[in-house]
Amino acid sequence: MLDNTPQGRGRQAEQQACEFLQQQGFKLIEKNFSCRLGELDLIMLQDTKLIFVEVKYRTGTQYGYASEAVDLRKQQKIIRSAEYFLQRHPQMAEMQCRFDVISVTGPGQQIEWLPDAFSSTF
């Protein structure tokens, strides 16, 4: 049975994004890492690079693209959460990191992947 709640559609979009990235050769490290600073939807490994992925879902584009919802405030929350993740996993702290955004739109589940969508100073 499909979960047609906003949370259910979000989880489905995260799963679709994860599968998409795995088809590109990425390895899943962790899904839905949560801390007091925020949540990281997907943490992936590409070769020796750690990729923090924010996944956004929208039913359509009438209110803009899903990726537009990752504004500066949301980026800062993701960066702080990534810093916390790296503190908790010191074996990964020296890895090169990148922040990607994947938006999934509409009933057709169209994927838009924005590699290196924003950056951090760490």
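Any read-out appearing in this document is the output of simple, stated calculations on the displayed coordinates, not a laboratory observation. Here the structure is a predicted model, which is why all the values come from computation and not from measurement. Methodologically, a virtual Cβ is constructed for each residue, glycine included, from the backbone with ideal geometry; neighbour enumeration extends over all protein chains shown.
First measure r as the distance between the Cβ atoms of THR61 and GLN87, then evaluate 1/(1 + (r/R0)^6) with R0 = 41 Å and state the FRET efficiency to the nearest 0.05. Walk me through the numbers on the way to the answer.
Details: r = 37 Å, r/R0 = 0.91.
Using R0 = 41 Å, I get an efficiency of 0.65.
Treating only the Cβ atoms of Lys and Arg (+1) and Asp and Glu (-1) as charged, compute the dipole magnitude of the range 1-44 about its Cα centre; round to the nearest 20 debye.
On the way: 5 positive and 6 negative charges, 10 e Å.
Here the size comes out at about 60 debye.
Against the longest alpha carbon principal axis of the chain, how many degrees, from 0 to 90 and to the nearest 10, is the axis of helix 72-88 turned?
The answer is roughly 50 degrees.
Only Lys, Arg, Asp and Glu count, each charged at its Cβ (+1, +1, -1, -1), so figure out the dipole size of the chain about its Cα centre, rounded to 20 debye. The partial results should precede the final answer.
Working: 14 positive and 15 negative charges, 60 e Å.
Computed charge dipole of the chain: roughly 280 debye.
Sequence neighbours fewer than 8 away in the same chain don't count; with that in mind, list the lysines whose C-alpha is under 17 Å from LYS49.
LYS27, LYS31
Between THR5 and GLN24, how many nm apart are label points set 7 Å from Cα along the C-beta direction?
My value for the distance between the label points is 3.0 nm.
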